[in-house]
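The values are calculated or read from the model by the stated rules, or taken from the named source; none is laboratory data. Every value quoted in this text rests on a predicted model; they were computed, and no experiment measured them. Glycine gets a Cβ as well: all are built from the backbone with ideal geometry, and neighbour counts include every protein chain shown. The accessibility values were calculated without ligands, DNA or RNA, using every heavy atom of the protein model including side chains. Shrake-Rupley method; radii C 1.70, N 1.55, O 1.52, S 1.80 Å.
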Amino acid sequence: MIRILIAEDMNMVRGALVALLNLQDDLDVVCEVERGDEIVDMALKHRPDVAIIDIDLPGVDGLSAAGLLREQLPQCRVLILTSLGRPGALRRALEARVSGYLRKDAPSSELATAVRRVAAGHRAVDPELALAAWGEYESPLTDRETEVLRLAAEGAEPREIAAKLRLSAGTVRNYLTTVVAKLNARNRVDAIRIARDSDWLL
């Protein structure tokens with residue numbers, strides 16, 4: 001029997017995951033939490049084989065909680081669930097040495113299969129995300145262009161960005177024009193979306 005901890009802050013989603021997994025003869029949900037800062041304590045108490053953790057949790061985010069769990073209970077494998085289909089998020093999850101990474105909109109049968117795979121010591125990664133991460137390329141933006149775009153993404157106007165970075169407003173506008181061209185974006189808003197989806201504004 002594979003013992004499972006579920007960390008998911010949305011009650012309906014968590015209830016559905018528990019019901020789905022408990023239908024399987026070899027899977028047993030031994031505890032469930034709704035906050036990232038509850039994961040380690042509950043895992044130490046219930047000793048699950050696999051922790052299914054939502055990437056976005058209150059208290060402590062899912063990847064940080066996975067790192068803490070690895071330190072405290074290294075035999076517990078972590079399967080990250082996410083609604084984010086971004087290759088950058090997958091890259092960070094793999095850097096955090098999680099065993100699995102699955103999108104929430106994956107077919108329900110894939111979840112049970114993924115749990116069994118990670119419990120057996122294998123990796124279980126959403127294939128489409130893996131391909132996207134494999135093909136991911138480095139940001140074409142310079143550090144200064146990234147800095148200007150990041151401030152624009154936070155809602156700053158060119159004049160405010162110029163004052164903050166000690167540049168002229170014209171120079172800031174030139175940077176933003178260059179960014180839009182480099183990213184083949186339609187406009188500044190589209191450039192911000194492209195950069196965010198590629199995790200270039202971290």
Problem set entry | Share of carbon and sulfur in the accessible heavy-atom surface of the chain [1.4 Å probe, %] | 50 percent
For this session: Consider a paramagnetic label point 7 Å from the Cα of Ser64 along Cα→Cβ; state which residues of segment 19-51 have an amide N under 14 Å from it.
Result: 35-40
Problem set entry | Ellipticity estimate at 222 nm from DSSP helix runs (n ≥ 4, -39,500 (n - 2.57)) divided over the chain, nearest 500 | -15000 deg cm²/dmol
For this session: May I have the convex hull volume per residue, in Å³, for the Cα set of the chain?
Result: 132 Å³
Problem set entry | Glu147/Leu94 FRET efficiency (R0 30 Å; Cβ-Cβ; nearest 0.05) | 0.65
For this session: Using a 1.4 angstrom probe, figure out how much accessible area segment 160-202 has per residue, in square angstrom, rounded to the nearest whole.
Result: 61 Å²
Seminar exercise, completed: With every protein chain kept in place and a 1.4 Å probe, segment 1-130 has an accessible area per residue in Å² of 48 Å²
Exercise. Based on the mean of other beta carbon atoms within 10 Å per residue, what is the order of 152-163, 33-44, most packed first?
Worked result: 33-44, 152-163
For this session: Output the peptides 166-175, 45-54, 140-149 sorted from most to least packed, where packing is the average of other Cβ atoms within 10 Å over each peptide's residues.
Result: 45-54, 140-149, 166-175
Problem set entry | Residues His122 and Asp26, FRET efficiency given R0 of 22 Å [Cβ-Cβ distance, rounded to 0.05] | 0.90
Exercise. Excluding same-chain residues fewer than 8 positions from Lys182, which aspartates and glutamates have a Cα within less than 17 Å of its Cα?
Worked result: Glu136, Glu138, Asp143, Glu145, Glu147, Asp190, Asp197, Asp199
